[in-house]
Amino acid sequence: MSSEGYRIAVVGATGQVGGVLLDELGVPNDGTRVGAATKAPNAGDPVGAALPVREIVPFASSRSAGTQLRGMTVQPITDETIQGFDIAVFSAGGSTSKEWAPKFAAAGAVVVDNSSAWRMHDGVPLVVSEVNPEALDDHKGIVANPNCSTMQLMVALRPIQQAAGIERLVVSTYQAVSGTGKAAVDELFEESRAILDGTDVPAPRSYAHQIAFNALPHAGNFVDDHTDEELKLINETRKILGDDTIRISATCVRVPVINGHSETCNVETREDLSPERAREILEAAPGLEVRDDPAANVYPMAVDADGRSDVLVGRIRRDRGNEKALDLFVVGDNLRKGAATNTIQLAVVLHERGLVRPTPAAEVPAL
């Protein structure tokens, strides 16, 4: 870093998550943000305000190169344009990350990647800022951001694991369409409008079936009898929590919600943990807000999580069929904490721990 601050690349800047990355880096929104409309972020400074920044450079595909985005010129990704960066944050898909993350790292940047490309690589830390920041210490130029549904769950489960251990998890997710992209959000609107107007519903494009007024037990792509979203939740949870012995059952469902993933979680602990004690632990945990007063109709909801960086947790209660298990309901903004916010939080942690440094090219991970 020069005395003037970091030079930061935002790869995939014109997408949904890219727009939120720019938000969290404090780049003013001049109306050219691309992506699903969500509520304004939390009041106060953006996450990236803790970073000393000299320059932010947006990158996107060749068809967007040369266009203006928030007063900046979008750059194409080439061997020449990627030189001279301290930090590169990626949200451009797995194929782009596989090809260009190692090149950015070899050129001297620390990459924080939001795709699935590097998450399960043995040499790449998979990190949630409040959960396992120490995993960043041994990075080799590339750091992975977890999947959105895994991300919010880890914020809620880590305090429970630390207090009582975790034996088994049964998780069902109710995932918003913004997790699939802007086209899916548009499709939800089109289908809903057609149904309400009594006209023909257009053929589905983003999903196998109509998503409006429906729930699809099919988030992601099927891999044998599970979807890849379910396998991500299982495998990433074990890696982040550092325990391959946790037994996990996952079912991922796509629901007609614009933004904000919801999850039911049944967690069997290794030591006794009462709902009252769990509530106290979660109330003291970073990145969480407990909303748990069912008698007053207070519980986490996707509409409340939309636009927020914190994860919401509630419906904390004893599993009446298992005296060592608790039930929780966890909600988070999948574009913010589930993706962009944690990415920038990791950049801040890298800065605070003195880990924004070049990695020798020979040590950069390869797929």
With at most 13 other Cβ atoms within 10 Å, longest stretch of the chain clear of loop GluC sites (Glu not before Pro) (DSSP): 81-270
Gaussian network model of the chain, springs between alpha carbon atoms under 10 Å - residue of Pro58, Pro300, Pro275 with greatest fluctuation: Pro275
Summed side-chain charge close to Glu229 - residues other than Glu229 whose Cβ falls under 15 Å, Lys, Arg +1, Asp, Glu -1: -3
At R0 = 30 Å, FRET efficiency that the Cβ-Cβ distance of Arg357 and Val303 yields, to 0.05: 0.10
Separation of alpha-carbon centers, the stretch 341-362 and the stretch 134-156, rounded to whole Å: 12
Carbon plus sulfur fraction of accessible area for the stretch 199-341, probe 1.4 Å, in percent: 47
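Hey, what did the chain get for relative contact order, percent, Cα under 8 Å, at least 6 apart?
Working: 840 pairs, mean separation 77.4, N = 367.
Dividing the mean separation by the residue count of the chain yields 21 percent.
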Net charge, Gly48 excluded, C-beta distance under 10 Å - Lys, Arg +1, Asp, Glu -1: -3
Spacing of the two label points (7 Å from each Cα toward its C-beta) at Asp243 and Glu280, in nm: 2.0
Cα pair distances in the chain, grouped into 10 Å bins until the bin that holds the longest one, percent each: 5, 24, 33, 25, 10, 2, 0
³J(HN,Hα) computed for each position of the stretch 257-267 - Karplus, 6.51 cos²θ - 1.76 cosθ + 1.60, integer Hz, glycine/proline x: 10, 5, 8, x, 8, 10, 9, 9, 9, 9, 10
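Please compute the length gained on full extension between Ile195 and Glu80, using 0.36 nm multiplied by the number of residues separating them and subtracting their Cα-Cα distance. Could you put the intermediate results ahead of the total?
Numbers: separation 115, 0.36 × 115 = 41.40 nm, distance 5.02 nm.
Once the chain is fully extended between Ile195 and Glu80, it gains 36.4 nm.
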Partner lysines for Lys337 [C-alpha distance under 26 Å; skip if fewer than 8 residues away on the same chain]: Lys39, Lys98, Lys140, Lys182, Lys232, Lys239
Only Lys, Arg (+1) and Asp, Glu (-1) charged, at Cβ; the chain dipole about Cα centre in debye: 280
Fraction of the pair-distance distribution of the stretch 302-367 above 18 Å, Cα-Cα pairs, percent: 63
Gain in span if fully extended, His121 to Asp137, counting 0.36 nm per residue against the direct Cα distance: 4.2 nm
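Go ahead and estimate [θ] at 222 nm for the chain from helices alone: -39,500 (n - 2.57) per DSSP H run with n ≥ 4, summed, over the residue count, rounded to 500.
Details: 8 runs with 94 residues, N = 367.
The helix contribution divided over the chain gives -8000 deg cm²/dmol.
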GNM result for the chain, Cα springs below 10 Å: residue of Leu335, Leu126, Leu188 fluctuating most strongly: Leu188
Positive-end residue of Gly220, Gln161, Pro202, charge dipole of the stretch 100-231 with Cβ unit charges: Gln161
Residue among Ala208, Ala60, Ala156 with the largest mean-square fluctuation in a Gaussian network model of the chain, springs linking Cα atoms under 10 Å: Ala208
Farthest positive-ward along the stretch 63-113 dipole, Cα basis, beta-carbon charges - from Ser95, Gly108, Thr81: Ser95
Per residue value of the accessible surface for the chain (all protein chains in place, 1.4 Å probe), Å²: 41
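The values are calculated or read from the model by the stated rules, or taken from the named source; none is laboratory data. Keep in mind the model is a prediction, meaning the values are calculated, not measured. Positions of Cβ are backbone-derived with ideal geometry, glycine not excepted, and every protein chain shown enters the neighbour counts. What goes into the accessible areas is simple: the full protein's heavy atoms, side chains included, and nothing from ligands, DNA or RNA. Shrake-Rupley method; radii C 1.70, N 1.55, O 1.52, S 1.80 Å.
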